[in-house]
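Below is one structure, written out as structure tokens; the observations come after it.
The values are calculated or read from the model by the stated rules, or taken from the named source; none is laboratory data. Here the structure is a predicted model, which means the values were calculated and not measured. Here the Cβ positions follow ideal geometry from the backbone for every residue, glycine too, while neighbour counts run over all protein chains shown.
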Amino acid sequence: MKIAIVHEWLSTLGGSERILTEALNLYPQADVFALTHFPKNFINTPLENIKVSTSFLQKIPNVENLYRKLLPLMPLAIESLDVSKYDVVISLSHAVAHGVKTHKNQKHISYISTPMRYAWHMQDDYLRLHQLKKPLIHSAARLTLSLLRRWDRFASSRTDSFIANSKWTASHIKESWNRESQVMYPPVDVKRFTPSKERENFYLLVSRLVPYKLTPEIVKAFNELNLPLVVVGEGTDIEILRKIAKENIQILGYQPDDIVTDLMNRAKAFVYMATEDFGIAMAEAQAAGCLVIAYYKGGASEIIKDGETGLLFKEQTSASLIEAVRKFESMKLNSKAASENAARFSSERFRDEFSSFVKPFIL
């Protein structure tokens, strides 16, 4: 059987790229397709030497810095990828990959990290957080998102079977596309962590520093709490954080995996405020024995056992986080329970579940 794996943009090694890595471990003969691919960003990673067929977006000058702004072109770009000669197509989608064109003699399986969140359940947040306030720009953005939703709903019919990365995502697949899906949590490398027996007195945030992650609210909370916070990540909000952070907060920027692993192994707790469809960083923190304080919506409620392996708070505000951290400071939670909780997200479990799901399609 000839297998194609379709991704969106291969820009850095993140959660969806780790799923691609596991899929290639299972199906090393598969050919990989993506809208764009930036090989230099994958040096010394498991995806360093893969061959990728890309769309016309790859030819746009400076596309590495522009591709997120090319959203209106992405449906056309994904449909331009020719996977017609393959028996089985596996798409790994958080935007448009599930819309790759297939025909009736092919089997198409989509692993969905989320339906296009900025076109569906996070549209208002997207417009607000990106400050698209001017009337003409706001109207144009809403029209673009409306057209994307229309295409997205039609494109979902090209998939034979959906896998959702969480119950939260499965509910949005049903709401957006009126399709059923099987829940399969993404792979987490739980074995890379060695929890410290004595947790150190600092809180940790590891995240892309972009508007919907709400990291300025977390920094404001810790400014008021005057407790030590370490922030790891890069993105458009990093300069905002550096301007507002007080001396108790360290903004480290990007850090390699070994540094992140060490910080998670030692941190008192991991803090998070975004609504995630799953949230691999939270599951990794649990694997490191790091208790998690997070906003209750999305994947957080499926990862964290509230009051046992962390705390969930009810509002995406600094005030709500402050209240949760103060409550956490008065509690004694067991870090061993956190690491045991994370075992259910292991990479081995993902490989077993994913290969069992795909097997009937490739016999």
Query raised in the report: Just a yes or no: is a residue in segment 303-322 surrounded by 15 or more Cβ atoms within 10 Å (Cβ to Cβ) and among the acidic types (Asp, Glu)?
Result: no
Query raised in the report: Got at least one residue in segment 34-41 being in contact with a helix residue (DSSP H, G or I) (Cβ under 7 Å, 6 or more places away or on another chain), in contact (Cβ under 8 Å) with a residue 24 or more places away in the chain and under 18 Å from ILE112 (Cβ atoms)?
Result: yes
Query - Evaluation of HIS103 against (1) more than 18 Å from ARG208 (Cβ to Cβ); (2) in contact with a strand residue (DSSP E or B) (Cβ under 8 Å, 6 or more places away or on another chain) (one fails), failing number - result: (2)
Query raised in the report: GLU48 passes all but one of (1) exposed (fewer than 14 other Cβ atoms within 10 Å of the Cβ); (2) touching a residue at least 24 places away in the same chain (Cβ under 8 Å); (3) of a type in the set (Asp, Glu); which number fails?
Result: (2)
Query raised in the report: Could you say whether any residue in segment 53-74 is touching a helix residue (DSSP H, G or I) at 6+ places or on another chain (Cβ under 9 Å) and aromatic (Phe, Trp, Tyr)?
Result: yes
Requested in this report: Go through the residues of segment 283-299 one by one and say whether even a single one is surrounded by fewer than 22 Cβ atoms within 10 Å (Cβ to Cβ), assigned to a helix (DSSP H, G or I) and either in contact with a strand residue (DSSP E or B) (Cβ under 8 Å, 6 or more places away or on another chain) or outside the structural domain of GLY233 (by TED's automatic domain parsing) (or both).
Outcome: no
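Do you know which residues across segment 241-279 are of a type in the set (Gly, Ala, Ser) and either in contact with a His (Cβ under 9 Å, 6 or more places away or on another chain) or assigned to a helix (DSSP H, G or I) (or both)? Full working, then the answer.
Here is the first cut: in segment 241-279, the ones of a type in the set (Gly, Ala, Ser) are 245, 253, 267, 269, 274, 279.
Scanning segment 241-279 gives no hits.
Restricting to segment 1-46, name every residue that is among the hydrophobic types (A, V, I, L, M, F, W, C), within 22 Å of GLU353 (Cα to Cα), within 18 Å of the chain's Cα centre (by Cα) and not in a helix (DSSP H, G or I).
Hit for segment 1-46 is VAL6, nothing else.
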Report summary line: Here the residues within segment 80-103 that are farther than 18 Å from HIS37 by Cβ and either part of a helix (DSSP H, G or I) or hydroxyl-bearing (Ser, Thr, Tyr) (or both) are SER84, TYR86, HIS98, GLY99, THR102
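Which of the residues that make up segment 159-178 are part of a helix (DSSP H, G or I), among the charged types (D, E, K, R) and at pLDDT 95 or above? First the steps, then the outcome.
First, pick out the residues of segment 159-178 that are part of a helix (DSSP H, G or I): 167-177.
If we keep only those that are among the charged types (D, E, K, R) too, we end up with 167, 174-175.
Correct list: LYS167, LYS174.
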Requested in this report: For segment 52-68, indicate whether the set of residues that are of a type in the set (D, E, K, R) and either touching a residue at least 24 places away in the same chain (Cβ under 8 Å) or under 23 Å from THR114 (Cβ atoms) (or both) is non-empty.
Outcome: yes
Query raised in the report: In segment 213-233, what count of residues is obtained for those that are in contact with a strand residue (DSSP E or B) (Cβ under 9 Å, 6 or more places away or on another chain) and of a type in the set (Lys, Arg)?
Result: 1
Report task. Run LEU73 past the list (1) without any contact (Cβ under 8 Å) to a residue 60 or more places away in the chain; (2) under 19 Å from ARG158 (Cβ atoms); (3) surrounded by 21 or more Cβ atoms within 10 Å (Cβ to Cβ); (4) of a type outside the set (D, E, K, R) and report the number of the one that doesn't hold. Result -> (3)
